[in-house]
Every structure is written in C-alpha cells, then in structure tokens.
2 protein chains.
Amino acid sequence: MSDTGARPIGVAVLGMGNVGTEVVRILTESADDIRSRVGAPVQVRGVAVRDAAKTRAGIDPALLTTDAAALVARDDVDIVVELVGGIEPARTLIRAALESGKSVITANKALMAVHAGELSEAAARHRVDLYFEAAVAGAIPVIRPLTQSLAGDSVNRVAGIVNGTTNYILSEMAETGADYHDVLAEAGRLGYAEADPTADVEGYDAAAKAAILASIAFHSRVTADDVHREGITDITPADLDAAAKFDCTVKLLAICERMTDADGAERISARVYPALIPLEHPLATVNGAFNAVVVESENAGRLMFYGQGAGGAPTAAAVMGDLVMAARNRVNGGRGPLESTYASLPIASIDEAQTRYYVSMRVADRPGVLAQVAGEFAKQGVSISAVRQEGAGEEARLIVVTHRATDRAQSETVAALEQMDSVIKVSSVLRLEGTND
Amino acid sequence: MSDTGARPIGVAVLGMGNVGTEVVRILTESADDIRSRVGAPVQVRGVAVRDAAKTRAGIDPALLTTDAAALVARDDVDIVVELVGGIEPARTLIRAALESGKSVITANKALMAVHAGELSEAAARHRVDLYFEAAVAGAIPVIRPLTQSLAGDSVNRVAGIVNGTTNYILSEMAETGADYHDVLAEAGRLGYAEADPTADVEGYDAAAKAAILASIAFHSRVTADDVHREGITDITPADLDAAAKFDCTVKLLAICERMTDADGAERISARVYPALIPLEHPLATVNGAFNAVVVESENAGRLMFYGQGAGGAPTAAAVMGDLVMAARNRVNGGRGPLESTYASLPIASIDEAQTRYYVSMRVADRPGVLAQVAGEFAKQGVSISAVRQEGAGEEARLIVVTHRATDRAQSETVAALEQMDSVIKVSSVLRLEGTND
C-alpha cells in the first residue's frame, strides 16, 4: 500500500486518562507502522483535557486544549477518539463529530448502552464509522467477531465475564476464603477497584456491556434498562464454600440469550448476576482481572474469546484497531458495517428466563422438614436436582439445587420458603449457569 | 438498512462437499436474515460440482453445473465462494473471478499458503474483496481479529492448535495410552481422519495455516515453504507418559514468532511441530477436534480464540461471515482491508529459533554417565532445567529438559549424544513450548 502524497488523517483525542495516554503513545511510537497499514500518516491534532496546565510526559503541550468542542470542530480532524466516559459531554461531542462527517471511536460503554441508537443513526446518515470495540471486554475482540465474523450465522447465546473488578474480587474470595469487604478494600489498594466501586460491584458496568452485546448479537436494540441486574455485594465466603462442594465456582456473568416461545416467537433475555458455574466450564478458570466471552451460535457452535478486559494498554489496543480501520476507510473510501437492528426482538422479563437456582437455608433440624421444603418446589413445578443437608443441633443447613424452570417459579418458591415455619432463614439464593440440565 | 429495490447479489459456489452443502443450506434457510444484514437479497446463481447427475438433497438440480469457469464468468455473479480445495483449478478460477471484478471467499489454506501474493494483488488491482477466514481454524475468528482488531497493535507471537485430526489423535493417546497407529485407525473410522492422512499427520495442513497466520500477523509474505514442519507420526505412548511426569501434555503446535536480533533487526520464525506444553497452559486443555489460537501482542497482551476448527457447519459459518461482509461491501461500495506486506520481514531458519528441548534416551547404567551427558549440553552452551533418571538394571532411561537455546545448539547436542558410547539410543526428542524459562 503506497501512501505517497496521501493526505494525512487527523485525529482528535478526547480525554487523557490511562487509555488516552496509551493511545497517544502508540500513535507516536508506532507512527511508521500505522502509516503503512493505513496508507496515509495518522496525526494527532489535539488532545482535550480538563486541565491543560498539568504536565504530561510524552506529549507536546501545544496539543493540549480544554475546549473539546472546538477540537472536534476543526477542519483538519477526520476521526474523533472519545475517551472521556459518561453520558455528557461525551454524547454531544460524538454527535457533533458524526454530524460534521467525522468518524468516531469510543470506549464508552455507559453511553453506547443507552444512546447507541441515535449515535448509530447519525453515523449512518453521514456515512461515517462509529466503532466501539473497546467498550466491551477491553483488548478482546468481541464486537468485530459478532458483527462481522458471525454476520452469516445466528447467535443463540452470549455469556461472559466482562467486569474485571468483580472477577478479581470473586477469584480472591474463592482462593483465600476472605470476606467480600476485605477483598474489595484490597482491590482498591491495588488499583483494581475505583474509589466508588458501585458501577462495578452492583453490576451496572456489566449490564451496559450486556446491552451492547445483546444488541449486536441479536440485531435488535437493547439498552442498559432492559438488562436485569444483580451485583456481588451479598456474596459470602459461605456461598463460595458451598459452590466448591458442588464442584462449582461463583462468577458475575453477563448473559444474553435468544428465547423461543412455544409459538416460535423470539425474545431476548439479557441479565447480569453472580451465578454458580461448574469448575469444568470454560469460564470457571477465567480468574483475576481477565475477561472472557463465550458465544454460542447455530453453525459456528461454541466460541470463546479470552484476554485482558481492562487496563490502559489493552484497552488502547482495541481503540487502535478501530482507529486504523476507520482511517483506512477514510483513505479507501469505504466504511465498516452499520448498526443492524432489523430483527427488533422484544425483551423478555427476568421472570420468563429459564434458570436453575441454588438455595441455601437454615432450617429446623426435625423430621419432615425436607419433605415440606421439597413440597414447596414441587408446588411451583420446580424440579430438584441435588440436596445437601448438614445437621447442626437444633438447626440444619439445607442446600437445594434445582433443575431449569422459569425464574418466576424459582423466585416464588423462595418467597414461599421464607414464609415457612420450619425455614429459619433463606441465607443465600444464587443461579446456576453453564450446565445443560 | 432498507433494501427496497436493491439489486440482488449473485453468488457462485464452487464445490459441494461438507462445507459447500452447508453454505447453500444457510443461504437458503437464512435468506431473510441475510437479506436484512446485507441490504439486498443474496442469491445462489449456480453450484459447480464434479458430477451434476448426482442427486443432492435440498438443492435445485438446475443450479448444478460441471462448468465452473462458465459459472464464474456469468455476469450475474458478484461473489465466488471457492470450496474446491487444492491448487488447480482453484487458483485459475479465483484469478478469473478477481480479474472480472468479482469478490472471492475461499477456505483453501493450501492455495492461500502459497499463492496469497498474486491473488491479493489481483484483488487489490480490481478493487474487490478476497476473504479467507475459513482457511484457518474453521469457525474461529482469527484472520479478522488479526487483520482488523489488532491493526493498531504489534503482534509478537501466534501459537495455535490448528489441526483437528492431529489434536484428536494426541488427545486420545494422552487419555487412553493407546498407540499412534491404533488411534489413527480409529480416527479414520470416526471420520476425524482422511483416507490419506498425510496432510494432517505430517503437519502440512498446520504449516499452511502457520504461513497464513505469520503473513497477516507480521505484515510480511510467508509461504508454506518458509515454515519448518515436523509431524506427529513418531510420537509414542512413552512420550505422552513422560510428558505427564513433567506435568505436560503433547500438542501439535503452529508457532509464528517475531524474533529480534541483537542489532534490532527483526525476522520471522514460523514452525510446526509436536511439543510438550505445561498442563496449566491455556492450549493444554484444548482437546479432541477443537482448535485454539493464542496471540501475544505488544499492547493487547495475550488473547485466546477457541472453537471448532473443522466440520461442515462451523467452517460454513466462517465462509458465511466473509460472504455477508463482501456482499455488504457490494451494496455499500466499500471493501475490506487489503493484504498488508509492507514489513517484508525475512524468515529465520529453524536453527536460529529459541527453543527448549526434551530429550529421552537409553543410557548405560553406570557411574559418570550423567556427567558425560550433561557435559555435552554444556559444550553447546545449552543449560539443563530438569533431569529424570530411571534405572533398569544394565541400562537406565534418562530424560533431560533444557532451558531455552538456539535450535541449532540443541540439535547439535542431540547429534553428539547419539555418538556417545554410554548413550545406547536417543529414543525421543521433542521441544517444550509455553513456558518462560
């Protein structure tokens, strides 16, 4: 590919955190390679920051500006890389970029999980690229395989570990037996958890990613509000201990499923919750800050994608892949795939999802209790797969693992158990995923 | 995406084996979905077969033709899907297609491993797409992640299990302790091995894939002849047994590595051989007919891609992804990335590759033998990592595992050992991969 005389591609970088710093570094250090791959030089026109006076290693201070809107509007900017995060001003800046004919690369999952529709429409209208590989699972190529490699297949299910913070916490709890709060504090000290960890530990981050994955996997529009969400804050060492006894571990999963009703109508179930998965499941060995996504599709079968889900350089690698592709399209006159939402499948409520439950309860240790408990499951049509009882004097610990049933039937069973005289306390309820029963 | 009145995209399918049959089936059964994703109907214009009289379920006999060249030349064909395999007539048909402005999808690894250069140039000249995701690792997206997702990164290493037949054989041998020939016969009966298994068991198939992977990973032109190749026919149950004692298993690996000389000059090492890998390595648990590819790159770090590496439907899924993308480009006027060989890195010989060796030998069981053997390694500057000796009366079995050194130094050591009086026989030599020592 020769670029003799090719017009340079101008890039505006919005945000100079971990990822932005790495993107600017790579654009500088790998300028020759990138020029060869794009067919034209790729040049940083400016970097929008909050404080332009702050000294930043490896970047020409003349490039820094606090006026992001003016930077986006510059005539010599062809591609805008949005790494500010959050809804505003990111949304307005991206809209402005697209509407002035600029391609946009973003790592902003919160924004894409809510406003992908209007932004994609703007990109389509102005015939420019809007890429967001870095918004899901950091360095791991997931968006591009789903939108392109599987473009001729029918995806049935996407299940992934897409949040490194919670995966680190759960891995540490499983390994050390430590308490959630202690591990969270340690994660904060190590930089694996933010000062305010709510978005991670309550599952908001994973839910945003689930919305993005469900949208592209099922060619429909799914937003963060469509995703059923439960976090990991109630997970106890006892849960991990009990999981181990069933040859399982606990992971925070993002699950996107195509459900087919009896009449053939299809709906989407998108949900995030901590769940038991068998130790032999491919996601069970994904530990620490790593991410992995398992895709099950009609013809390709089961695929797994594994790698680093966060961090400056890995996330920057995903941004750079998008950036080089968008720049190539500028040079060659093409563009990448547009948003595809033709299927417009409706969203199923969590009640309708088919799940398995793990229920741990303290019960009175007297004859007939197991029969009463089992009777409550039967009443809701929920079939029991395994029971484990540990006597402890006046009370016993009873763990029930069920077969697949609607989440409504499962949760109504639990509600009924909580009302029973012989059940002292339902101490823990988790789903069980990754099995065929 | 609306396709009101959009001109249909015509497809010619060459070859009606397992993969071709599945491609035609998917194009028929998923016609509505594909139309929505492409923005125009995608229609099969004809299917070239060897015997047009043979009845084939699910295909209109009027579509069958034995004249592949005439089918490719038809004006209403926009995209040619080549699933014939082999060099000729595939090469001539693909060239003819590209030169008449048609995009081409191929699953032909043997062809792409040798003639990617001329075919890519023809595609570039005529501004059409040439896609070949299905040529490597079946359903697993590998080509697209390497060429697009990692387009802004620098790949250092690609190591994969890319041949299902040999992986099935080695997995079975490891699990059952059975002999190579018995497992090969069983694989033939189960349809996992061809009547003539040479291409698989001698590593030709894996070497072709290594050439393709090395070319795209390192932006250089690497052909099958550049790949050092060793097969699995000499692997014995004793090797697998010994591997297990070192907490390893044996896999046929395709390895593509960027080597940096002392003066900073870069070269490519591409090689295929059976090697020990530690049981905790991600590739160690890839069993049976599954494939997996591990990519290590500068910023993204280590990524792994896992899935079904062969079979009609999985391979067809990869073909269909390429086909939908090429069809979209027809509708939207863009095209995918071209071959990128700007780096033109030279190929290093196997002698220069840095490897670790596992050497198993029968030695005389008398004092001083270990010192003599160790002395031979030292003479070549090869450092020993582990030794295991099992006495057996007059002779002993001695296993030596080395640290990293050039393959030349390692192989010269083995040659010297074979000349020693105290070494009765060097019974097995394998490399050890997937460690940092």
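The values are calculated or read from the model by the stated rules, or taken from the named source; none is laboratory data. Since we're looking at a predicted model, the values are computed, not measured. Ideal geometry is used to build each Cβ from the backbone, glycine not excepted, and the neighbour counts take in all protein chains shown. Areas reflect the complete protein model, heavy atoms only, side chains present, ligands, DNA and RNA absent. Shrake-Rupley method; radii C 1.70, N 1.55, O 1.52, S 1.80 Å.
A few comments on the model shown:
- A:Val47 meets the conditions (1) more than 18 Å from A:Ala123 (Cβ to Cβ); (2) open to solvent by 10 Å² or more (accessible area, probe 1.4 Å); (3) in contact with a helix residue (DSSP H, G or I) (Cβ under 9 Å, 6 or more places away or on another chain) in every case but one. The failed one is (2).
- Taking the criterion of being outside any strand (DSSP E or B) and modelled with pLDDT under 95, the residues of region B:385-407 that qualify are B:Gly393, B:Glu394.
- Check on A:Arg74, in the same structural domain as A:Leu14 (by TED's automatic domain parsing), open to solvent by 40 Å² or more (accessible area, probe 1.4 Å), in contact with a helix residue (DSSP H, G or I) (Cβ under 7 Å, 6 or more places away or on another chain) and in contact (Cβ under 8 Å) with a residue 24 or more places away in the chain: no
- Within region B:123-136, considering residues that are more than 24 Å from the chain's Cα centre (by Cα) and not basic (Lys, Arg), the one nearest to the other protein chains (Cβ to nearest Cβ): B:Ala124
- Selection status of A:Ser340, open to solvent by 10 Å² or more (accessible area, probe 1.4 Å), facing another protein chain (nearest Cβ under 8 Å) and hydroxyl-bearing (Ser, Thr, Tyr): yes
- Residue count, region A:186-211 (criterion: buried (at least 16 other Cβ atoms within 10 Å of the Cβ), assigned to a helix (DSSP H, G or I) and out of contact with any Asp or Glu (no Cβ under 6 Å at 6 or more places or on another chain)): 12
- Residue satisfying all of: in region B:271-289; within 11 Å of chain A (Cβ to nearest Cβ), touching a Phe, Trp or Tyr at 6+ places or on another chain (Cβ under 8 Å) and not in a helix (DSSP H, G or I); most open to solvent (accessible area, probe 1.4 Å) among these: B:Ala289
- Unmet requirement for B:Thr28, which otherwise passes all of (1) within 14 Å of another protein chain (Cβ to nearest Cβ); (2) surrounded by fewer than 16 Cβ atoms within 10 Å (Cβ to Cβ); (3) closer than 19 Å to B:Arg330 by Cα: (3)
- Among the residues of region A:408-437, those that are outside any helix (DSSP H, G or I) and free of Cβ contacts under 8 Å to residues at least 60 places away in the same chain comprise A:Met420, A:Asp421, A:Ser422, A:Asn436.
- Of all residues making up region A:300-323, the number that are within 7 Å of chain B (Cβ to nearest Cβ), open to solvent by 20 Å² or more (accessible area, probe 1.4 Å) and outside any strand (DSSP E or B): 1
- Checking each residue in region B:19-74 for being within 32 Å of the chain's Cα centre (by Cα) and assigned to a loop (DSSP other than H, G, I, E, B) picks out B:Ser30, B:Val49, B:Arg50, B:Asp51, B:Arg56, B:Ala57, B:Gly58, B:Ile59, B:Thr66, B:Asp67.
- Just one residue in the set B:Ala371, B:Ala378, B:Ala326, B:Ala292 is part of a helix (DSSP H, G or I) and within 11 Å of chain A (Cβ to nearest Cβ); that residue is B:Ala326.
- Breaking point among (1) under 20 Å from B:Arg302 (Cα atoms); (2) more than 13 Å from the chain's Cα centre (by Cα); (3) open to solvent by less than 40 Å² (accessible area, probe 1.4 Å), for B:Ser220: (1)
- Check on A:Leu150, within 14 Å of chain B (Cβ to nearest Cβ) and either hydrophobic (A, V, I, L, M, F, W, C) or touching a residue at least 60 places away in the same chain (Cβ under 8 Å) (or both): yes
- Members of region A:400-437 that are at positive phi and surrounded by fewer than 19 Cβ atoms within 10 Å (Cβ to Cβ): none
- Qualifying residue in region B:162-183 (condition: within 16 Å of the chain's Cα centre (by Cα), assigned to a helix (DSSP H, G or I), within 14 Å of another protein chain (Cβ to nearest Cβ) and not basic (Lys, Arg)): yes
- Answer from B:Ala262, B:Ala214, B:Ala244, B:Ala254 - the residue that is outside any loop (DSSP other than H, G, I, E, B) and out of contact with any strand residue (DSSP E or B) (no Cβ under 7 Å at 6 or more places or on another chain): B:Ala244
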